[in-house]
1. Considering the options Phe145, Leu8, Phe84, tell which one lies farthest towards the positive end of the dipole of the stretch 1-153, charges being +1 on Lys and Arg and -1 on Asp and Glu at the Cβ, about the Cα centre.
2. For Ala67 and Lys241, FRET efficiency with R0 = 35 Å and r from the beta-carbon atoms, rounded to 0.05?
3. Just the accessible area for Trp354, please: 1.4 Å probe, Å², rounded to the nearest 10?
4. Picking from Met488, Pro366, Leu339, whose Cα lies most toward the positive end of the charge dipole for the stretch 299-491 (charges on Cβ: Lys, Arg +1; Asp, Glu -1)?
5. Among Met322, Val452, Val377, flag the residue with its Cα farthest along the positive direction of the charge dipole of the stretch 299-491, charges on Cβ as +1 for Lys/Arg and -1 for Asp/Glu.
6. What dipole magnitude, in Debye to the nearest 20, does the stretch 1-150 give about its Cα centre under +1 on Lys/Arg Cβ and -1 on Asp/Glu Cβ?
7. For a quick check of understanding: with a 1.4 angstrom probe and all protein chains in place, what accessible area in square angstrom does Lys372 have, to the nearest ten?
8. Work out from phi, with θ = phi - 60° and the Karplus expression 6.51 cos²θ - 1.76 cosθ + 1.60, the ³J(HN,Hα) of each residue of the stretch 408-413, listed in order in whole Hz, and give x for Gly and Pro.
Amino acid sequence: CDGRVSGLLRRNLQPTLTYWSVFFSFGLCIAFLGPTLLDLRCQTHSSLPQISWVFFSQQLCLLLGSALGGVFKRTLAQSLWALFTSTLAISLVFAIIPLCRDVQVLASVMALAGLAMGCIDTVANMQLVRIYQKDSAVFLQVLHFFVGFGALLSPLIADPFLSEANCLPANGTANSTSGSHLFHASRVLGQHHPEVWRLSNQSLSKLPLQDRAGTRVSYAFWIMALINLPVPLAVLFLLSKERLLACCPQRRPLLLSADELALETQPPEKEDASSLSSKFQPHPGHEDLFSCCQRKNFKGAPYSFFAIHITAALVLFMTDGMTGEYSAFVYSYAVEKPLSVGHKVAGYLPSLFWGFITLGRLISIPISSKLKPVTMVFINVVGVVMTFLVLLVFSYNVAFLFVGTASLGLFLSSTFPSMLAYTEDILQYKGCATTVLVTGAGIGEMVLQMLVGSIFQAQGSHSFLVCGVIFGCLAFTFYILLLFFHRMHPELSSVPTQDKALGMESSECYQR
């Protein structure tokens, strides 16, 4: 970093660290459902399609929370209070999950977590952009690194507490033993003999509370609640420092010190609060969904303008959907036949997946300066398809499952930022590519998790990899269509000189 950027970091170190820690909470909440899925099924006595509604409710409310977060962007006080409430809600969610004995109650609790995550996603990104403006690229990369770090940590915390096999104690009473056999039979025969599942539920409901499933995994959720608790405290401390608490007097503008004044080398960084709101968003593509739907944004646009938005969103619909469904169901796939991996060993798969996503995001930073975004997206999509094909061919090999999980994490890690940079560059930072792509990716995570959960239950574990191959091929098809519409789109010569310069400057920012 040059002296000016490092000086900005020193001046805004506490807010920056706070926003990074807030995204750690986001990461904790995004990955724990995968390895704990079977335990939560036992705890709520639900089937796989029923528990899949938990994913749906979380992702749907994440989208709603992202839209709701835009309401709190007007002032710093509103933003920080929204972050404090959201991070505190995540700790409460972790503490309440072990008490949820019904799948509908669990879905409602995860819906609250989704709202908090969506609010964090919008507000933390916006606040970092507000602080660093055109220098925000590297700080946003670190911000999303903390998502991967949190997502890597939560499965590791859950792994020691995962229940073995049927989630019931091995040395239980005769009643619990017979309930265990019925529960195991219901997993194998449930879709063919509904009466077995009904009888299993009746037997399990007669078990004493201490013999039911989910007692040991409760400790994992309570540990995550404690680990996350310092994050809302950090936001509260930042509120106190900014004198935004009710018990503190309002902070008056202070004169800059000599060192701070020396860092103010560019006039745009000395704008007052009245002009700051108008430059809150770095370019027109960062508008909310409702602003993007206005007719004035579409006036005179060629058909390729709409086609590029749609095909790019469909690519991310598939790739981000694959990220969500693979993280959610790879644990369930591993413990089922034909692999029959032990529950403890299978618990490392989601952590491995998110660990390589985090590693891939770090590696993609220097690679993006050497390769064009269109090339990186091509490598990512082809790599995903080839990895799923290899996993399908060697579906009986546990070693290939671990290698393939790491490979998928690497290839999926940089797909979103590369597609965003490529699409915005095609459109010369006009339209609402960022908003459309974020929405498409969020809907993909929501829909594909539910779809795979239903197919997994009906067709067996083998369908998990088949779905991955199909989704990967669809992503590649939409990518080819995107290239076709790119060739049909008007060239740069049709763009005014000033807009062209803006697009080039923003493109360089994305490359950095």
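The values are calculated or read from the model by the stated rules, or taken from the named source; none is laboratory data. Note that the structure is predicted; figures quoted are calculated from it, not measured. Here the Cβ is made from the backbone with ideal geometry for all residues, glycine too, and neighbour counts use every protein chain on show. Ligands, DNA and RNA are excluded from the accessible area calculation, which covers all protein heavy atoms including side chains. Shrake-Rupley method; radii C 1.70, N 1.55, O 1.52, S 1.80 Å.
1. Leu8
2. 0.75
3. Surface accessible to solvent at Trp354 totals approximately 20 Å².
4. Farthest along the dipole direction, towards plus: Pro366.
5. Sorting the options by dipole projection puts first Val377.
6. Computed about the Cα centre, the dipole is about 440 debye.
7. 140 Å²
8. Whole-Hz 3J(HN,Hα) from phi for the stretch 408-413: 4, x, 5, 6, 7, 5.
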